[in-house]
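*Asks:* Dumping the structure here so I can ask a few things about it.
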Amino acid sequence: MVLAASVVAASLPAFAQPAPAPSNGAGPAEALDKKIAVWRFDALGIDAEIVQRLETLFRLELDRLDRVPLPSRREIESKMTVAEQNCGGEEKCLTAIGKRLGVDYVVTGTVGSLGDNYVLNIKAVEVATGKSQKIQSPPLKGTPDELIEGVRVAAYSLLAPDQLHGSLQVQSDLVGANVTLDGKPVGRTPLANQGVIAKLALGKHKLHVDANDYAPFDDDVEVHFQKVSPVVVRLVGSNETTGTGRTVVAEKHPIYTRTWFIVAAGVVVVGLAALIGERVGRITCHQEPNGPNKC
């Protein structure tokens, strides 16, 4: 586990600059007007460097989500009393910290291990009421991409759950096929908006596509946070396959392996051999002057 943690720590960027937007340009649909402070993330039996980098990523993601810039760790610690700096994450001391900073929410969390996976436990305390909201991520594999997505999902789960969604793009070469998602009709191919079904809950969804004279397509498709996941649907004729409409790769035998081709080739070879033999015989047979033919 220590080796795996070291690999992940080396793979995660240092985050010296502001977090870039996701590669597909996705971001918060609507920024929040709440003032938020991130107290700290604690490591539970794993490399503290991983936790520090994930905490930095969490802060940067909240900065993208919130209209009001988050106070830095140094700014927070400069305003804390000694007792508050020793806060272990209890609602009472987090509320006191929030009041001192003049924010609406104080967020803290822990990152621990579960076998070969990681688990994020994050808590947001509402300063006005002292009440907290907690979330726990599903077990995440120790890869940078999954850890980063887990932290980003956690940020939105706490403070902007209505923006926690992704999209599917149904790509099909057949016009007029019926598309159904989770038992609800979506439309016919090609779907509007370049086939994109937007604002879907994260996780698995059941996709069904069917058309007359074609075998249906059925698959469990995964929706990821703020990403458009393409699904290629190729329906095949119902007499070509059974079950789903997944692409069927027919086994093609080269022409030179077929029986009729081998027989025909043999006949041609024999004919050519006879013809060549005859011509060679004509060339080698000649007549000596005033003598008999010699072959």
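Coordinate-derived values only; no laboratory data. For clarity, every value in this text was computed on a predicted model and none was experimentally measured. Note that each Cβ is placed from the backbone with ideal geometry, even for glycine, and that neighbours are counted across all protein chains shown.
*Asks:* Count neighbours as other Cβ atoms within 10 Å of each site's Cβ, and list the GluC sites (Glu not before Pro) in segment 46-93 that are DSSP loop with at most 13 such neighbours.
*Replies:* Values: sites: Glu49, Glu55, Glu61, Glu75, Glu77, Glu84, Glu90, Glu91; in loops: Glu90.
Qualifying residues, ordered by number: Glu90.
*Asks:* Here is a further query. Given Leu101, Asn121, Gln85, which one lies farthest toward the positive end of the charge dipole of segment 68-138, if we put +1 on the Cβ of every Lys and Arg and -1 on the Cβ of every Asp and Glu?
*Replies:* Sorting the options by dipole projection puts first Leu101.
*Asks:* Go through segment 126-138 residue by residue and turn each phi into a ³J(HN,Hα) via Karplus (6.51, -1.76, 1.60, θ = phi - 60°); whole Hz please, and just put x for glycine and proline.
*Replies:* Those phi angles translate into 7, 5, 5, 10, x, 8, 10, 10, 10, 9, 10, 6, x Hz.
*Asks:* What ³J(HN,Hα) values, in whole Hz, does the Karplus curve 6.51 cos²θ - 1.76 cosθ + 1.60 give for segment 99-114 when θ = phi - 60°, with x put for Gly and Pro?
*Replies:* 5, 5, 8, x, 10, 8, 9, 10, 10, 9, x, 9, 10, x, 10, 9
*Asks:* Separate question: Please state the shape class of segment 109-222: rounded when a/c is under 1.5, otherwise prolate if a/b exceeds b/c and oblate if not, all from the C-alpha gyration tensor.
*Replies:* Details: a/c = 3.51, a/b = 2.17, b/c = 1.62.
Because a/c hits 1.5 or more and a/b exceeds b/c, segment 109-222 counts as prolate.
*Asks:* Continuing with the same structure: So which lysines can Lys184 reach, going by Cα to Cα under 17 Å and dropping same-chain residues fewer than 8 places off?
*Replies:* Within reach: Lys199, Lys204, Lys206.
*Asks:* For a label point 7 Å from the Cα of Ser238 along Cα→C-beta, name the residues of segment 193-226 whose backbone N is under 11 Å from it.
*Replies:* Taking a point 7 Å out along Cα→Cβ of Ser238, the residues of segment 193-226 whose backbone N falls under 11 Å are 211-216.
*Asks:* Which lysines, on any chain, are close to Lys131 with Cα under 24 Å apart, when same-chain ones fewer than 8 places away are left out?
*Replies:* Those lysines meeting the cut-off are Lys34, Lys35, Lys79, Lys92, Lys99, Lys123.
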